[in-house]
């Protein structure tokens, strides 16, 4: 997530495994040899955070931060 959000949303937590997968998708732009869009990569992060038991408000805040500022890393 963009650094501007780090003071509010910790850089690591129970969502760290989801963030690792998300960052990998941002770096390679594909999964299983198929192209993936930024929107899909952010969706994978959102779904993975839910699976990991991240609270709804933190999922929403992190996903929103990705949608607002993730374009620069894509």
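What follows is calculated from the coordinates using simple rules that are stated; it is not laboratory data. Since we're looking at a predicted model, the values are computed, not measured. Cβ sites come from the backbone with ideal geometry, for glycine too, and all protein chains shown count toward neighbours.
Can you tell me the orientation of helix 16-28 relative to the chain, as the angle in degrees between its alpha-carbon axis and the longest Cα principal axis, to the nearest 10?
30
So the label point goes 7 Å from the Cα of residue 24 along Cα→C-beta, right? Which residues of the range 32-74 then have their backbone N under 16 Å from it?
32-36, 41-49, 52
Please tell me the relative contact order of the chain in percent, rounded to the nearest whole number, where contacts are Cα pairs under 8 Å and at least six residues apart.
Over the chain, the number comes to 44 percent.
Counting other C-beta atoms within 10 Å, which of 23, 42 has the fewest, and how do the rest follow?
23, 42
What spacing in nm lies between the two simple spin-label points modelled at residue 34 and residue 73, each 7 Å away from Cα in the Cβ direction?
Once both label points are built, they end up 2.4 nm from each other.
What is the fewest-to-most order of 31, 62, 4 by other Cβ atoms lying within 10 Å of their Cβ?
Fewest to most other Cβ atoms nearby, the residues stand as 4, 31, 62.
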